[in-house]
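What follows is calculated from the coordinates using simple rules that are stated; it is not laboratory data. These numbers come from a predicted model, not from an experiment.
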Amino acid sequence: MPTARVPPAGTCWDPDLKLLADDDLPLDPRTWGRAEVARWVSKRGGLPERFPMNGKALCLMSRDMFAARVPHSGHQLHQDFRRRLAKALALQELIEKLTSKSVQ
């Protein structure tokens, strides 16, 4: 994996976030449309038709709601989603900190 370089202060930084993705899905699951949710669910053994929603709707689902839709692996699906969401939120926070420091 390539190493991310932080630019000097005062320069515009536009990182290629695809380098950080685990697969071909957008890094931030909150931006997923229905097609991305369906692709993610099917890659993990679930039935896409049981998740007719976008990524923002997935954020509102509890662990038990995932388990009700995917009885044998819903908890793992929920865990994978929460891991992806946490990664996106941490990256967003880091970018915000870096850009606020370069503006000051």
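Extension gain Ala90-Arg44, at 0.36 nm per residue separation less the Cα-Cα distance, in nm? Additional length available on full extension: 14.2 nm.
Taking each residue as 0.36 nm, the span from Asp64 to Ala35 lengthens on full extension beyond its C-alpha to C-alpha distance by 8.1 nm. Solvent-free Debye calculation, one equal scatterer per alpha-carbon of segment 27-103: log10 I(q)/I(0) at 0.21, 0.26 Å⁻¹ equals -0.86, -1.22.
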